[in-house]
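Colleague: Following this message is one structure expressed as structure tokens.
The values are calculated or read from the model by the stated rules, or taken from the named source; none is laboratory data. Because the structure is predicted, anything quoted here is derived from the model rather than measured. Counting neighbours? That spans all protein chains shown, and the Cβs are built from the backbone with ideal geometry, glycine included. Note: areas computed on protein heavy atoms with side chains; ligands, DNA, RNA excluded. Shrake-Rupley method; radii C 1.70, N 1.55, O 1.52, S 1.80 Å.
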Amino acid sequence: MTGSRRGKVWGLVARQAASRGGRVSAADACVAAVAAVEVTGAWLSAASGAAAAGHLMHVTDEVSERLADLQLTSGEGPCPDAGACGGPILVSDLSEAEAGRRWPVFAPAARQAGAAAIFAFPLRIGAIRAGVMGLYRDGAGPLSAVQFGDALIFADTATLLLLDSLDQAAGETGAGSGPGGQPSGLAVHRAEIDQATGMLTEQLGVGIADAFVRLRAYAYAHDRPLADLARDIVARRLRLGPDPGPSKDGQA
């Protein structure tokens, strides 16, 4: 039975790739999961390990992008927890008190963004952790046993395709796409965040990890998407000082 379900999932992923006329990628697993698991939207983040900050690889809609950005900026939410523990984090109702206690910043912001339930699945094979696949619904409610099983298979499929894309990084990608089928727009966002973090290491005299924490803290404090903030830093419209207080941050 499991074999036939896996075959069905692979078929759906391949069909999604064929519909866009590109090579099968982890992004196709993300898109195909939305209809198959009966959720509203999904996103895919890649990371080199449990403690690494994820890079957004694919989103299916604006709410998915907002949810991914909120978790990256605040450092809390189902996806960071799934990446850290290595197991699925299923939140069928973000309005419940437990969600608010666990993620006091993320839970209310996610509801305001349009999510009522979130299901996070780590992308892993054994000790290898490649990222997280997030699914959300605009209405509260748990996944059924069948939906949960299918979501696990989609996550496994995305993991294999993502790792394969890293091995094939020097090869060709689909038209208008970045590595792993990543849309070119998201690829630019990722590059800008990386570049802004690198610039902060020089400006603040700190390491990469501390520079990224500083970037996240500023984005959270000023309620700005991380990619937008990074773009201003790269363009030298904004320079962050060593003190996180507003008096030290300002226009370049």
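Colleague: Can you name the condition, by its number, that Ala252 falls short on among (1) out of contact with any Asp or Glu (no Cβ under 6 Å at 6 or more places or on another chain); (2) at pLDDT 75 or above; (3) open to solvent by 20 Å² or more (accessible area, probe 1.4 Å)?
Modeller: Unmet condition: (2).
Colleague: Does the stretch 22-30 contain any residue that is open to solvent by less than 20 Å² (accessible area, probe 1.4 Å) and either in contact with a Cys (Cβ under 8 Å, 6 or more places away or on another chain) or of a type outside the set (Gly, Ala, Ser) (or both)?
Modeller: yes
Colleague: How many residues are in a helix (DSSP H, G or I) and within 15 Å of Gly139 (Cβ to Cβ) if we restrict to the stretch 30-39?
Modeller: 2
Colleague: So, Ala99, is that one loosely packed, with under 15 Cβ neighbours inside 10 Å and out of contact with any Gly (no Cβ under 9 Å at 6 or more places or on another chain) or not?
Modeller: On the way: loosely packed, with under 15 Cβ neighbours inside 10 Å: no; out of contact with any Gly (no Cβ under 9 Å at 6 or more places or on another chain): yes.
For Ala99, the condition - loosely packed, with under 15 Cβ neighbours inside 10 Å and out of contact with any Gly (no Cβ under 9 Å at 6 or more places or on another chain) - is not met.
Colleague: All but one of (1) within 22 Å of the chain's Cα centre (by Cα); (2) outside any strand (DSSP E or B); (3) in contact (Cβ under 8 Å) with a residue 60 or more places away in the chain hold for Ala42, so report the exception by its number.
Modeller: (2)
Colleague: How many of the residues making up the stretch 75-92 are in contact with a helix residue (DSSP H, G or I) (Cβ under 7 Å, 6 or more places away or on another chain) and closer than 22 Å to Val34 by Cα?
Modeller: Total meeting the criteria: 6.
Colleague: Out of the residues in the stretch 109-139 that are touching a Gly at 6+ places or on another chain (Cβ under 8 Å) and not in a strand (DSSP E or B), state the one that is surrounded by the most Cβ atoms within 10 Å (Cβ to Cβ).
Modeller: Ala110
Colleague: Quick one: Ala46 ticks every box in (1) surrounded by fewer than 24 Cβ atoms within 10 Å (Cβ to Cβ); (2) modelled with pLDDT under 95; (3) over 15 Å from Leu135 (Cβ atoms) except a single one, so which number is it?
Modeller: Tallying (1) surrounded by fewer than 24 Cβ atoms within 10 Å (Cβ to Cβ); (2) modelled with pLDDT under 95; (3) over 15 Å from Leu135 (Cβ atoms), Ala46 fails exactly one: (1).
Colleague: Out of the stretch 70-96, which residues are assigned to a helix (DSSP H, G or I) and open to solvent by 30 Å² or more (accessible area, probe 1.4 Å)?
Modeller: Scanning the stretch 70-96 gives Leu72, Ser74, Pro80, Asp81, Ala84, Cys85.
Colleague: Going through the stretch 80-103 one residue at a time, which ones are modelled with pLDDT under 95 and touching a strand residue (DSSP E or B) at 6+ places or on another chain (Cβ under 6 Å)?
Modeller: Asp81, Ala82, Gly83, Gly86
Colleague: Kindly evaluate Ile193 against the criterion of being modelled with pLDDT under 75 and open to solvent by less than 30 Å² (accessible area, probe 1.4 Å).
Modeller: yes
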